[in-house]
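Working notes for the structure below.
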Amino acid sequence: MLYASTMQKTIDLNADLGESFGPWVMGDDLAMMDIVNSANIACGGHAGDPQTMFDTLTLAKKHGVSVGAHPGFNDKEGFGRRRLPLSATEVEQLIASQVGALVGVAGLVGVKVNYVKAHGALSNWAAEDATTAVAIARAVKKAAPGCALLAVAGTELEKAGRSENIKTYSEIFADRAYADDGNLVSRAKAGAMITDPKQASERLIQFFETGLMPTLSGKQIPLPADSICIHGDSAHAVHMAR
């Protein structure tokens, strides 16, 4: 969340972490935990497993980082970035089961899960589809009462969280390009990923000064912002976060 004073403004910085699986390692969670304020931890769907969840939660506790559940499609092969044809009921079950898994492991570590943020293709689907967005919001409300929702700014998921009376925080991205409608540009398109930390920083500073986010086409759109996301699986993640 933005905090303003006569001296400075600060904002929450979050990253998708805990995305390793078994012997396969994804990202530098140790370095990222020393930088970010909030950790979106994979719950065993698109990535993660019980040991990885436990280890990542333990790191978050050690570094005083706020913990969020990061559920996605049950698709480790596609890293949750392929849209699966689920019904609204199936989406609710997906969210409830994965968030419940992280909450359970968090109990072993002695930390609280504070919020839920959908991952990848599931998040993109909920950003534009009201039915999917409501399914996610309702699952959070029923299965994780007390948890906030972290949703991409200006999307259907953000609207659904507020319509379900869930504390909802708006998220913008440091390392992703925006389309004119406020959604993220598909990773399949050139320019979708921002890999230069200087370019990302300059864009965010401009955004905070004007309230307008530049789009890939050159337009500028207004977006609310409570938190900035950096994808922990990117090769440039640590440099970008710093």
Could you please find all residues in the range 125-142 being open to solvent by 10 Å² or more (accessible area, probe 1.4 Å), within 14 Å of E164 (Cβ to Cβ) and in contact (Cβ under 8 Å) with a residue 40 or more places away in the chain? T131, V134, R138, K142
Going by what's in this entry, would G146 be described as within 18 Å of Q98 (Cα to Cα), open to solvent by 10 Å² or more (accessible area, probe 1.4 Å) and out of contact with any helix residue (DSSP H, G or I) (no Cβ under 7 Å at 6 or more places or on another chain)? yes
I'd like the residue in the range 161-178 that is over 21 Å from D16 (Cα atoms) and under 18 Å from the mean Cα position of the chain (by Cα) and, out of all such residues, is least open to solvent (accessible area, probe 1.4 Å). I166
T195 fails exactly one of the following numbered conditions: (1) touching a residue at least 60 places away in the same chain (Cβ under 8 Å); (2) open to solvent by 20 Å² or more (accessible area, probe 1.4 Å); (3) within 19 Å of the chain's Cα centre (by Cα). What is the number of that condition? (1)
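Rundown of residues vs (1) on the phi > 0 side of the Ramachandran plot; (2) open to solvent by 10 Å² or more (accessible area, probe 1.4 Å); (3) hydroxyl-bearing (S, T, Y), yes/no style:
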position: D12; (1), (2), (3): no, yes, no
position: D16; (1), (2), (3): no, no, no
position: N37; (1), (2), (3): no, yes, no
position: G45; (1), (2), (3): no, no, no
position: K62; (1), (2), (3): no, yes, no
position: S66; (1), (2), (3): no, yes, yes
position: L84; (1), (2), (3): no, yes, no
Residue identified as in a loop (DSSP other than H, G, I, E, B), farther than 22 Å from T131 by Cβ and in contact (Cβ under 8 Å) with a residue 12 or more places away in the chain among G45, G27: G27
Given the range 128-242, what helices (runs of 4 or more DSSP H) lie entirely inside it while holding 2 or more residues that are over 24 Å from V113 (Cβ atoms)? 130-143, 197-210, 237-241
Looking at the structure I just gave you, is L108 more than 14 Å from L17 (Cβ to Cβ), in a loop (DSSP other than H, G, I, E, B) and modelled with pLDDT of 95 or more? no
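The values are calculated or read from the model by the stated rules, or taken from the named source; none is laboratory data. Being a predicted model, the structure only gives us computed values, none of them experimental. Reconstructed Cβ throughout: ideal geometry from the backbone, glycine too, with neighbour counts over all protein chains shown. Note: accessible area is taken over every heavy atom of the protein model, side chains too, but ligands, DNA and RNA are not part of it. Shrake-Rupley method; radii C 1.70, N 1.55, O 1.52, S 1.80 Å.
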